[in-house]
Amino acid sequence: MKNQTQILKSPMERIKHNNLRMPTQDFCEGKQSWPELVGYCGETAVKIIEKDGPGTYAIIVPPDQQHLPGNFVCGRVFVFVDEKGIVERIPIMF
């Protein structure tokens, strides 16, 4: 019998795989995503995100980073950048 275990690489993949709502909708107050920052310099995006919400902190994720923490934390925002440091995906709290 073939092993059918699927390895999911990130919390977002687990959420999508399990058809779950984003936990931010239930637990955290305030702004939870920053679609307007796609295309910005990552460092600039971090400053804007942290200014938008007290207690919010942003972490730049380089393109070669394979894994992210699997736990959800209110206030933590991942900023995914490309090789040039430009935001390539919508920064979102998770």
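A cut-off of 5 Å between modelled amide H atoms, ignoring neighbours fewer than 5 places along the same chain, links VAL81 with VAL61, GLU88. Most tightly packed first, judged by the mean number of other beta-carbon atoms within 10 Å of their residues, the peptides 32-43, 56-67, 83-94 read 83-94, 32-43, 56-67. Amide H contacts of ARG76: TYR57, PHE94, each under 5 Å away and 5 or more positions distant or on a separate chain (H built 1.01 Å from N in the peptide plane; Pro and chain starts excluded).
Read the figures in this text as sums done on the coordinates, not as results from a lab. All values derive from a computational prediction rather than experimental measurement. Note that we place each Cβ from the backbone using ideal geometry, even for glycine, and neighbour counts take in every protein chain shown.
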